[in-house]
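Have a look at the structure below before the remarks.
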Amino acid sequence: MISLKNLFTMEYKNMLPLLSQVAGIKYFPPPPDYSDIVIPEKPKLSVLPKVPVIPASLRPPKMIKNLRFMRGPEMVHNTLIHKQYGIMALGGGRLKHGHCEMMRLTLGRKIDPQRMFLVWRIEAPWQPITKKGLGHRMGGGKSGINHYVTPIKANRIIIELGGKCEFEEVKGFFVQCCKFITIQSNCC
């Protein structure tokens with residue numbers, strides 16, 4: 001038994017078993033191969049126009065709700081082109097220009113443009129939404145256009161990210177972007 005008095009009087013050789021450490025051998029998986037990935041010239045997201053381009057001679061057309069643009073699953077844009085990471089809508093809904101800008105600015109700030117790139121997988125806002133002014137009586141015809149939206153179906157890929165990165169790197173800011181938009185979405 002080792003007492004406090006004996007501990008100070010022991011020689012260094014006798015103390016070695018008390019201070020020894022054991023280290024195991026670690027087997028890490030090999031790093032992924034990114035040799036086939038090419039980073040485009042402009043890796044960040046482009047600015048989507050707030051209003052669609054309409055010739056000056058035409059009046060901007062008004063449109064009915066067209067809820068069929070949001071109903072059901074997406075059949076075309078439901079897979080990742082670059083086979084890496086993206087944000088996918090879990091349900092239908094509408095994206096305003098403000099949602100697109102918030103995602104563009106957040107992801108543009110977070111990514112490393114030397115290693116990663118982003119691609120929009122949705123169109124710019126094109127569907128007009130009309131709204132009557134506050135306090136107006138009903139009647140008088142359809143009101144003017146208030147803003148434009150992009151209708152999104154379930155399972156639609158909204159943004160795609162590719163490059164020389166792991167999922168753990170990008171998951172944090174994808175989750176942050178999913179909280180910004182009104183559509184229920186998930187990172188995939």
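The values are calculated or read from the model by the stated rules, or taken from the named source; none is laboratory data. Quick caveat: nothing in here was measured; it's all calculated off a predicted structure. FYI the Cβ positions are ideal-geometry reconstructions off the backbone, even for glycines, and counts take in every protein chain you see.
One residue is enough: does the range 4-19 have a residue meeting the conditions closer than 29 Å to H99 by Cβ, surrounded by 10 or more Cβ atoms within 10 Å (Cβ to Cβ), modelled with pLDDT under 95 and not small (G, A, S)? No, the range 4-19 contains no residue that is closer than 29 Å to H99 by Cβ, surrounded by 10 or more Cβ atoms within 10 Å (Cβ to Cβ), modelled with pLDDT under 95 and not small (G, A, S).
Within the set I129, I64, the sole residue that is over 23 Å from the mean Cα position of the chain (by Cα) and either surrounded by 15 or more Cβ atoms within 10 Å (Cβ to Cβ) or within 19 Å of G172 (Cα to Cα) (or both) turns out to be I129.
Given the criteria surrounded by fewer than 17 Cβ atoms within 10 Å (Cβ to Cβ), out of contact with any Asp or Glu (no Cβ under 9 Å at 6 or more places or on another chain) and more than 26 Å from K44 (Cβ to Cβ), does G108 qualify? No; evaluated as a whole, the condition is false for this residue. Considering the range 150-184, and only residues there that are closer than 14 Å to R104 by Cβ and surrounded by fewer than 19 Cβ atoms within 10 Å (Cβ to Cβ), the residue that is modelled with the lowest pLDDT turns out to be F180. A single member of F69, F117 is among the aromatic types (F, W, Y), under 30 Å from I39 (Cβ atoms) and either out of contact with any Ser or Thr (no Cβ under 9 Å at 6 or more places or on another chain) or modelled with pLDDT of 95 or more (or both), and it is F117.
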